[in-house]
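Undergrad: Starting off with a structure, shown below.
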Amino acid sequence: MDQQSRQTAFRVKGLTKVYDMGEIQVRALRGVDIDLYEGEFVVLLGPSGSGKSTLVNILGGLDSPSEGHVFFRGEDLTLVGDKNLTLYRRNHVGFVFQFYNLIPSLTARENVALVTEISPDPLTPEEALTLVGLGERINHFPAQLSGGEQQRVAIARAVAKRPDVLLCDEPTGALDITTGVVVLDALERVNRELGTLTVVITHNAAIRHLADRVIYFADGRISRIDLNEQRMKPSEVSW
Amino acid sequence: MGSQVIAIGLVMGAGIATFVMSTGLIDSLGETRRLYYEEFRFGDVFVDVKRAPEGLARRLAEIPGVRRVETRVTVGATLDVPGMREPATGLLVSLPEGRQPELNGLYLRAGRLVEPYRENEVVIGDAFAEAQELGPGDRISALISGHRRELEIVGVAISPEFVYAVPPGALFPDNKRFAVMWMGRDALEAAHDMDGAFNDAVLSLMPGASEPDVIEAVDALSRRFGGQGAYGREDHTSDMFLRSELDQLAVMAIVLPVIFLVVASFLLHTVLSRLISLDREEIGTLKALGLTDREVAWHYAKFAAAIAALAAVTGISAGAWFGHAMAGMYAEFYRFPALHYELAPWVLATSLSLAFGIALLGALQAIRRVMRLRPAEAMRPEPQPVYRPLLLERLGVAQALSPAARMILRHLERRWRRSILTCLGIATALGTLIASSFFLDTIDFMLDVQFNRAEREDVALALIEPQSLRALDDIRHMPGVMRAEPYRAVPVKLRLENRTRRLAVLGMRPGGDLHRALDRRQHPVSLPPDGILLSDMLARLLGARPGDVLTVEVLEGRRPVRQVRVTGIAEQYVGTAAYMDMDALNRLILEGPSISGAWLKVDGAAAGTFYDAVKRTPAIAGLSIRAAAISGFNETLAENLIRMTLTNIAFASIIAFGVVYNSARISVSERGRELASMRVLGFTRGEISAILLGELAILVLFALPLGMVIGYGIAAVVVESLQTELFKLPLVLKPATYGWTALVVVGAATVSALVVRRRLDRLDLVAVLKTRE
């Protein structure tokens, strides 16, 4: 794909993150530079502790770097403060985690409505749930849904606000392959139909085939970036 | 967890403290009273006569069961205290020449007893001595039976018959204006024209003697000497007050500790249950590694035991401290040689067992759960909580609720047992506060009724002897008197079936404006032209209803026995009373128009000259001054009531804080993950706090009306248990009291909620979301 024709969503410059764990200092990121583009599907691959999650947390406004800058559409996220980071998450970012983190006391529809009620231009909860193929089970509580269904509710909840970026940390980590494929299908569809920049962290190398770009992490640095000429469909992937 | 341990420890500690304080006080007060009565030979039966020769004493001593008889002369006096404008009232009691009385002995605080045959020497009561800063060597001027005497104070003393000394007919002590004094028998006989005679006898009984039989015999013997009816300790004013105090303490010793301990037990239960849910996997692992059920359970039992130990230590020391403070306060009202708060070993032992027993009770269910948990099952995570739509939603209402509101309500509904108990806990805090504050309203109300509606006279003037109506003219012509309404008081024994009461019937003129009998709505009751009006407590004691016919045995003058119909019931909160039309009363006792005194309206500007005139008038036995009674109350009781109320506010706040704090902490623990998710989704700190605090707000909101009902209920029970012949406490709760007590509880809840909210601000979003529930 022609990356030059796309607009830059994130510009990451010299990003460093050091966790102070008492006597030991853990350097989770050691100077990362990367640009991410509107609408692309990015997969982050790498061993545990290589810095993928730290990068995604900083991109999502959940954490702040020790050094360096992150620009989102030209605005430096490292300078905006906690209140504006909350607003940034509210208006621009969707998250999907390994453990779905649904609100157990709300039905699928209500879990999504929680977000649509505070968003300026959301999908309806029904639309969001239909997008992930859950139109039928909208009045079920999380405890009444399977793991894959719960994760799809989480995706619907993340995309219902029409986010500019969808950040997914091990979205299929807790799922078997069949369910995992359904979830990936949902992610792929959101990326395609809504044009959302989608960043997926995974341990599962097979998923790299879905991406426009695959960014490899090792030891807090980007070790390699691959471009996929041809993206596969989730149903074509096997692991 | 540490702060929760402290919160529960405080609630439990407050329970232990109230128990230690009140049982310790009951013990100390009861034991002090017993020793004092025994050592200073407090009498068992008392009788006033008009005038009896010493020969009667010998015959009284011959009554089977009587051990000793002490005869005395008692006289009322008007005192002129230096530096005080209004006259004080004195009660002079004779002392045998040169020795302690055989009964009702004196405990000397300072100085000495009266020397034999020194006619101007007196020993004065210590309450009056303290209030007026008088002591041995000081002098005081008294008008005794029409004669002015300069008295020299030689000693300061107390006596078991005046442990609680209130002016005649009053509710609260007035130490500045009421003095008990002891004087040589000879001097008092001479002053009161009682040579070789007495007007007051005290009897002690042999063990096992029948008091009613002795009283009957005494009455039979004393009747012809103007006997006013003998009575036992049960009807002795001082002992009656003391007993009613002990009764109050006994109620307090049960009600408050029970409330606190039950709440503490519930809190411990919820905290331990949550702790065990959190530790589930560790419990499984420890068991899998080979620890026995008991060993694991012991770990949690220790947690409960630590709280119990904390509560026992703080509760016992705080209780002992409060006990000392209360004993100091009691010493102002109840005059004992020494009143020390002592912590009896049994109180200590009971407090310890209460603390550990309650802790065990609270921990029991949680520990059982630990014992039952199988390792394999425990190591699996707890199944996801199952929620359902709200009952309201299933019924088709509440469709318009926002998701956040649904989160709050469904959580409350799913944990309905805990929600109800938490709500009850908060309600209990409010209830206790209301129940311990209603006294303020009640006393306020009683004072208002007493002084603004019933007894509106500035001064009640009592004559030494009943006099003809001419005396009323003399009174009207005293300087400063603007209005005078006469009364006649006649000592009688009222009888209905086998129930009898002794008291003075008050004869009044119909339509009087100063002193009135009131009905239930505090409107004046018009006096029937004949027949008798009873105060409700008196009616209750006699079992009398309107229309019943009482036997009235007059205890003075020609002592006729007559039948009188009860024509109505009057509401009265202090003491018992019977009212009649004055003319009807005079006819009943077979006398012409006569008065015992008058109620007066006095010109404030001329009060000084009025008081001077009273001090010079021999025929006047004494005054009760309304303003003095009110200020006497404010000086003594009001301050203590405020102190008590502040203590109660502290106690209730402890409960409210403890319950709300624990509830909030458990919610944070249970819902931290949800709330963190919401932060990630873009909800602000304020928005997620609203969910947590909204839940608490709903619980508090429901708790408020419930607490008001509970408070009213407890107050009603307390009021009912404190009804004595001395006071009929009305249950009065002003809207303002509901208001401020609710504010205290809401305040305590808000503080604890804000403390917990600070934890929400520190939620580690990433860490919460990366772990599996």
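The values are calculated or read from the model by the stated rules, or taken from the named source; none is laboratory data. Everything quoted here is computed from the prediction, not taken from an experiment. Glycine gets a Cβ as well: all are built from the backbone with ideal geometry, and neighbour counts include every protein chain shown. Areas reflect the complete protein model, heavy atoms only, side chains present, ligands, DNA and RNA absent. Shrake-Rupley method; radii C 1.70, N 1.55, O 1.52, S 1.80 Å.
Undergrad: Can you tell me which residue is nearest to the other protein chains (Cβ to nearest Cβ) among those in region B:673-689 that are part of a helix (DSSP H, G or I) and open to solvent by 10 Å² or more (accessible area, probe 1.4 Å)? Write out each step before concluding.
TA: Step one: filter region B:673-689 for residues part of a helix (DSSP H, G or I), giving B:673-680, B:685-689.
Still in the list and also open to solvent by 10 Å² or more (accessible area, probe 1.4 Å): B:673-674, B:679, B:685-687.
Working: B:R673: 7, B:E674: 5, B:R679: 7, B:R685: 8, B:G686: 10, B:E687: 8 Å.
Checked region B:673-689; the qualifying residue nearest to the other protein chains (Cβ to nearest Cβ) is B:E674.
Undergrad: Would you point out which residue out of B:T741, B:T750 is away from chain A (no Cβ under 14 Å), touching a residue at least 60 places away in the same chain (Cβ under 8 Å) and among the hydroxyl-bearing types (S, T, Y)? If you could, list the steps in order and put the result at the bottom.
TA: Working: B:T750 fails: touching a residue at least 60 places away in the same chain (Cβ under 8 Å).
Testing whether each residue is away from chain A (no Cβ under 14 Å), touching a residue at least 60 places away in the same chain (Cβ under 8 Å) and among the hydroxyl-bearing types (S, T, Y) leaves just B:T741.
Undergrad: Oh, and also: Of all residues in region A:88-113, which are facing chain B (nearest Cβ under 7 Å) and under 10 Å from B:L681 (Cβ atoms)?
TA: Result: A:R89, A:R90, A:F95, A:N101, A:I103.
Undergrad: Sticking with this structure for a sec: Find the residue count for region A:209-230, including only residues that are surrounded by fewer than 16 Cβ atoms within 10 Å (Cβ to Cβ) and part of a loop (DSSP other than H, G, I, E, B).
TA: Number satisfying all stated conditions: 3.
Undergrad: Ok, one more. Looking only at residues that are open to solvent by 30 Å² or more (accessible area, probe 1.4 Å) and either touching a strand residue (DSSP E or B) at 6+ places or on another chain (Cβ under 6 Å) or of a type in the set (S, T, N, Q) (or both) in region B:233-263, which one is farthest from B:S653 (Cα to Cα)?
TA: Per the stated criteria, the residue is B:T237.
Undergrad: Condition check: open to solvent by less than 20 Å² (accessible area, probe 1.4 Å) and either farther than 23 Å from B:R51 by Cα or in contact with a Ser or Thr (Cβ under 6 Å, 6 or more places away or on another chain) (or both). Does B:A157 satisfy that?
TA: Values: open to solvent by less than 20 Å² (accessible area, probe 1.4 Å): yes; either farther than 23 Å from B:R51 by Cα or in contact with a Ser or Thr (Cβ under 6 Å, 6 or more places away or on another chain) (or both): yes.
When the stated conditions are applied, B:A157 passes them.
Undergrad: Turning to a different aspect of this structure: Output the number of residues of region A:2-26 satisfying the condition of being surrounded by fewer than 15 Cβ atoms within 10 Å (Cβ to Cβ) and not β-branched (V, I, T).
TA: So the first thing to find is which residues in region A:2-26 are surrounded by fewer than 15 Cβ atoms within 10 Å (Cβ to Cβ), and the list is A:2-5, A:7-8, A:14, A:19-26.
The next check asks that each one be not β-branched (V, I, T); those that pass are A:2-5, A:7, A:14, A:19-23, A:25.
Within region A:2-26, residues that are surrounded by fewer than 15 Cβ atoms within 10 Å (Cβ to Cβ) and not β-branched (V, I, T) number 12.
Undergrad: On to the next question. Among the listed residues B:R280, B:R223, which satisfies the condition of being closer than 26 Å to B:K50 by Cα, open to solvent by 30 Å² or more (accessible area, probe 1.4 Å) and among the basic types (K, R)? Let's see the steps before the verdict.
TA: Values: B:R280 fails: closer than 26 Å to B:K50 by Cα.
Among B:R280, B:R223, only B:R223 is closer than 26 Å to B:K50 by Cα, open to solvent by 30 Å² or more (accessible area, probe 1.4 Å) and among the basic types (K, R).
Undergrad: Return the total of residues in region A:181-198 being buried (at least 24 other Cβ atoms within 10 Å of the Cβ) and in a loop (DSSP other than H, G, I, E, B).
TA: 0
Undergrad: Specify the residue that is farthest from the other protein chains (Cβ to nearest Cβ); the eligible residues are those in region B:652-672 that are under 18 Å from B:G13 (Cβ atoms), among the small types (G, A, S) and open to solvent by less than 10 Å² (accessible area, probe 1.4 Å).
TA: Of the residues in region B:652-672, the ones under 18 Å from B:G13 (Cβ atoms) are B:652-662.
Applying the additional criterion that residues be among the small types (G, A, S) yields B:652-653, B:656, B:658.
Going one step further and asking which of them are open to solvent by less than 10 Å² (accessible area, probe 1.4 Å), we end up with B:652, B:656, B:658.
On the way: B:A652: 32, B:A656: 27, B:G658: 26 Å.
Of everything passing the filter in region B:652-672, B:A652 is farthest from the other protein chains (Cβ to nearest Cβ).
Undergrad: Right, here's the next one. Which residues, counting only those in region A:45-79, are within 14 Å of chain B (Cβ to nearest Cβ) and open to solvent by 60 Å² or more (accessible area, probe 1.4 Å)?
TA: Once the filter is applied, which keeps residues that are within 14 Å of chain B (Cβ to nearest Cβ) and open to solvent by 60 Å² or more (accessible area, probe 1.4 Å), region A:45-79 yields A:S48, A:G49, A:S64.
Undergrad: Looking at B:K302, B:K287, which one is open to solvent by 70 Å² or more (accessible area, probe 1.4 Å), out of contact with any strand residue (DSSP E or B) (no Cβ under 9 Å at 6 or more places or on another chain) and not assigned by TED's automatic domain parsing to the domain that holds B:I654? Don't jump to the end; show me each part of the working.
TA: On the way: B:K287 fails: open to solvent by 70 Å² or more (accessible area, probe 1.4 Å).
Answer to the check: B:K302.
Undergrad: Name the residues in region A:115-128 that are at the interface with chain B (Cβ under 10 Å from one of its Cβ atoms) and buried (at least 24 other Cβ atoms within 10 Å of the Cβ), would you? Let's see the steps before the verdict.
TA: Here is the first cut: in region A:115-128, the ones at the interface with chain B (Cβ under 10 Å from one of its Cβ atoms) are A:115-119, A:125.
Answer for region A:115-128, where residues must be at the interface with chain B (Cβ under 10 Å from one of its Cβ atoms) and buried (at least 24 other Cβ atoms within 10 Å of the Cβ): A:V115, A:P125.
Undergrad: If A:F99 passes every condition in (1) more than 20 Å from A:A218 (Cα to Cα); (2) without any contact (Cβ under 8 Å) to a residue 60 or more places away in the chain; (3) surrounded by 14 or more Cβ atoms within 10 Å (Cβ to Cβ) but one, which one does it miss?
TA: Every condition holds for A:F99 apart from (2).
Undergrad: Go through B:A767, B:A715 for me and flag whichever is small (G, A, S), within 14 Å of chain A (Cβ to nearest Cβ) and out of contact with any strand residue (DSSP E or B) (no Cβ under 6 Å at 6 or more places or on another chain).
TA: Details: B:A715 fails: within 14 Å of chain A (Cβ to nearest Cβ).
Result: B:A767 is the single residue among B:A767, B:A715 that is small (G, A, S), within 14 Å of chain A (Cβ to nearest Cβ) and out of contact with any strand residue (DSSP E or B) (no Cβ under 6 Å at 6 or more places or on another chain).
Undergrad: Looking at region B:538-558, which of the residues that are open to solvent by 10 Å² or more (accessible area, probe 1.4 Å), touching a strand residue (DSSP E or B) at 6+ places or on another chain (Cβ under 9 Å) and at pLDDT below 90 is nearest to B:R502 (Cα to Cα)?
TA: Filtering first and then ranking leaves B:E556.
Undergrad: So, in region A:129-154, exactly how many residues are surrounded by 19 or more Cβ atoms within 10 Å (Cβ to Cβ) and either within 13 Å of chain B (Cβ to nearest Cβ) or farther than 21 Å from B:R671 by Cα (or both)? Outline the logic, then answer.
TA: First pass over region A:129-154, keeping only residues surrounded by 19 or more Cβ atoms within 10 Å (Cβ to Cβ): A:129, A:131-132, A:134, A:138, A:141-142, A:145, A:148-154.
Remaining after also requiring either within 13 Å of chain B (Cβ to nearest Cβ) or farther than 21 Å from B:R671 by Cα (or both): A:129, A:131-132, A:134, A:138, A:141-142, A:145, A:148-150, A:152-154.
Going through region A:129-154 one residue at a time, the tally reaches 14.
Undergrad: In region B:261-293, how many residues are more than 29 Å from B:G15 (Cβ to Cβ) and touching a residue at least 60 places away in the same chain (Cβ under 8 Å)?
TA: So the first thing to find is which residues in region B:261-293 are more than 29 Å from B:G15 (Cβ to Cβ), and the list is B:280-293.
Now restrict to residues that are touching a residue at least 60 places away in the same chain (Cβ under 8 Å): B:280-281, B:283-285, B:287-288, B:293.
Of the residues in that region, 8 qualify.
Undergrad: Okay, next question. Do we have B:A359 as surrounded by 19 or more Cβ atoms within 10 Å (Cβ to Cβ) and either β-branched (V, I, T) or under 26 Å from the mean Cα position of the chain (by Cα) (or both) here?
TA: Values: surrounded by 19 or more Cβ atoms within 10 Å (Cβ to Cβ): yes; either β-branched (V, I, T) or under 26 Å from the mean Cα position of the chain (by Cα) (or both): no.
So B:A359 fails the test.
Undergrad: Assess whether A:I201 counts as being over 21 Å from A:I177 (Cα atoms), open to solvent by less than 40 Å² (accessible area, probe 1.4 Å) and either of a type in the set (S, T, Y) or in contact (Cβ under 8 Å) with a residue 24 or more places away in the chain (or both). Full working, then the answer.
TA: On the way: over 21 Å from A:I177 (Cα atoms): no; open to solvent by less than 40 Å² (accessible area, probe 1.4 Å): yes; either of a type in the set (S, T, Y) or in contact (Cβ under 8 Å) with a residue 24 or more places away in the chain (or both): yes.
For A:I201, the condition - over 21 Å from A:I177 (Cα atoms), open to solvent by less than 40 Å² (accessible area, probe 1.4 Å) and either of a type in the set (S, T, Y) or in contact (Cβ under 8 Å) with a residue 24 or more places away in the chain (or both) - is not met.
Undergrad: What number of residues in region B:92-101 are out of contact with any Pro (no Cβ under 8 Å at 6 or more places or on another chain), touching a residue at least 40 places away in the same chain (Cβ under 8 Å) and surrounded by fewer than 20 Cβ atoms within 10 Å (Cβ to Cβ)?
TA: 1
Undergrad: Which is part of a loop (DSSP other than H, G, I, E, B), surrounded by 14 or more Cβ atoms within 10 Å (Cβ to Cβ) and of a type in the set (K, R), of B:R406, B:R410, B:R335?
TA: Details: B:R406 fails: part of a loop (DSSP other than H, G, I, E, B); B:R410 fails: part of a loop (DSSP other than H, G, I, E, B).
Checking each option against the conditions leaves just B:R335.
Undergrad: A further question on this structure: Restricting to region A:167-180, what's the tally of residues that are away from every other protein chain (no Cβ under 13 Å), open to solvent by less than 30 Å² (accessible area, probe 1.4 Å) and either among the basic types (K, R) or not in a loop (DSSP other than H, G, I, E, B) (or both)?
TA: Number of matching residues: 1.
Undergrad: Hey, any hits in region B:569-587 for a residue that's open to solvent by 30 Å² or more (accessible area, probe 1.4 Å), part of a strand (DSSP E or B) and more than 21 Å from B:R521 (Cα to Cα)?
TA: no
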